[in-house]
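K.L.:
This is the structure, below, for whatever I ask next.
The values are calculated or read from the model by the stated rules, or taken from the named source; none is laboratory data. These numbers come from a predicted model, not from an experiment. Cβ placement follows ideal geometry from the backbone for every residue including glycine, while neighbour counts extend to all protein chains displayed.
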């Protein structure tokens, strides 16, 4: 296994988890985007353990530690950094023994919002200007969104994530709408596998329901799994990442394997 820290810019880091190569198999790649409300990056639960979990399924993993300075790093700074990460992965696919087209992303909570932004806004001109690359080079083949922050609708949203993302404590409805993922899903959006806990008290399950509805209306492939009684932040759904008993369950701990099966169907 090869671990290396890559500096994408002065603040963003990409940590590589590269399995030893063999001559008869090329791996897929997955960009891991931890959550933390755009206030911190939760590598302990949603970074390092996730990277290790995907390795046995034929992936190399790359964990993004993006900027979270809410006084400085205003959107789309984080999306530019995610784009740089995608470019790095594809640029080094041959070196790391990977299939260039088989690059996915997985994000958690606010990291799920960033991952979903990559799925829906990969074509923004600001990204192309900041990161010269072939058109579509930063688009994942598919994304896995785990208890994602999705909507700016005050009834269901995690408002602090959006305040931190936009560096503004007093957001207007228009500003919130501009970064609400359900408003951005269209024919160009990457397919999604969506996972949420039915008892999520921090990012309500309606976030994933709203996003799934948007995917359905746009006729973009998606799969949605709601786990009853499960709270926010379950990570892998097993003892490795559990912070409370309700984070552990045989069904919920199978989401990685089920997400991989979904990827194979694309």
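K.L.:
Can you list the strands (runs of 3 or more DSSP E) found entirely within the range 1-46 that contain at least 2 residues being surrounded by 17 or more Cβ atoms within 10 Å (Cβ to Cβ), in contact (Cβ under 8 Å) with a residue 40 or more places away in the chain and more than 15 Å from the chain's Cα centre (by Cα)? Spell out how you get there, then give the answer.
P.N.:
Values: elements: 2-7, 13-18, 27-33.
Those strands (runs of 3 or more DSSP E) span 13-18, 27-33.
K.L.:
Kindly evaluate residue 130 against the criterion of being under 27 Å from residue 223 (Cβ atoms) and surrounded by 15 or more Cβ atoms within 10 Å (Cβ to Cβ).
P.N.:
Details: under 27 Å from residue 223 (Cβ atoms): no; surrounded by 15 or more Cβ atoms within 10 Å (Cβ to Cβ): yes.
No; evaluated as a whole, the condition is false for this residue.
K.L.:
While we're here: Against the condition on the phi > 0 side of the Ramachandran plot and either in a loop (DSSP other than H, G, I, E, B) or at pLDDT below 95 (or both), how does residue 136 come out, does it pass? Quick ask: steps written out before the conclusion?
P.N.:
Details: on the phi > 0 side of the Ramachandran plot: yes; either in a loop (DSSP other than H, G, I, E, B) or at pLDDT below 95 (or both): yes.
Answer is yes for this residue.
K.L.:
For the range 175-227, which residues satisfy the criterion of being touching a strand residue (DSSP E or B) at 6+ places or on another chain (Cβ under 7 Å), more than 15 Å from residue 121 (Cα to Cα) and part of a loop (DSSP other than H, G, I, E, B)?
P.N.:
Those that are touching a strand residue (DSSP E or B) at 6+ places or on another chain (Cβ under 7 Å), more than 15 Å from residue 121 (Cα to Cα) and part of a loop (DSSP other than H, G, I, E, B): 198, 205.
K.L.:
Give me the pairs, please: first residue somewhere in the range 54-78 and at positive phi, second residue anywhere and in a loop (DSSP other than H, G, I, E, B), beta-carbon distance under 7 Å, and either six or more positions apart or on two chains.
P.N.:
From the range 54-78, no pairs qualify.
K.L.:
On to the next question. What residue, among those in the range 226-266 that are farther than 18 Å from residue 42 by Cβ, buried (at least 18 other Cβ atoms within 10 Å of the Cβ) and in contact with a helix residue (DSSP H, G or I) (Cβ under 8 Å, 6 or more places away or on another chain), is modelled with the highest pLDDT?
P.N.:
Once the filter is applied, the top-ranked residue is 260.
K.L.:
State which residue is farthest from the chain's Cα centre (by Cα) when the search covers only the range 69-113 and only residues that are assigned to a loop (DSSP other than H, G, I, E, B) and surrounded by 21 or more Cβ atoms within 10 Å (Cβ to Cβ). So that I can check it myself, show each step before the final result.
P.N.:
Going through the range 69-113, the residues assigned to a loop (DSSP other than H, G, I, E, B) turn out to be 69-76, 92-97, 109.
Checking which are surrounded by 21 or more Cβ atoms within 10 Å (Cβ to Cβ) leaves us with 75, 109.
Working: 75: 16, 109: 8 Å.
Across the range 69-113, the extreme among qualifying residues is 75.
Let's see how each residue does on (1) without any contact (Cβ under 8 Å) to a residue 40 or more places away in the chain; (2) within 15 Å of the chain's Cα centre (by Cα); (3) surrounded by fewer than 18 Cβ atoms within 10 Å (Cβ to Cβ):
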{"position": "135", "(1), (2), (3)": "yes, no, yes"}
{"position": "141", "(1), (2), (3)": "no, yes, yes"}
{"position": "145", "(1), (2), (3)": "no, yes, no"}
{"position": "150", "(1), (2), (3)": "no, yes, no"}
{"position": "170", "(1), (2), (3)": "yes, no, yes"}
{"position": "183", "(1), (2), (3)": "yes, no, yes"}
{"position": "188", "(1), (2), (3)": "no, no, yes"}
{"position": "191", "(1), (2), (3)": "no, yes, no"}
{"position": "200", "(1), (2), (3)": "no, no, no"}
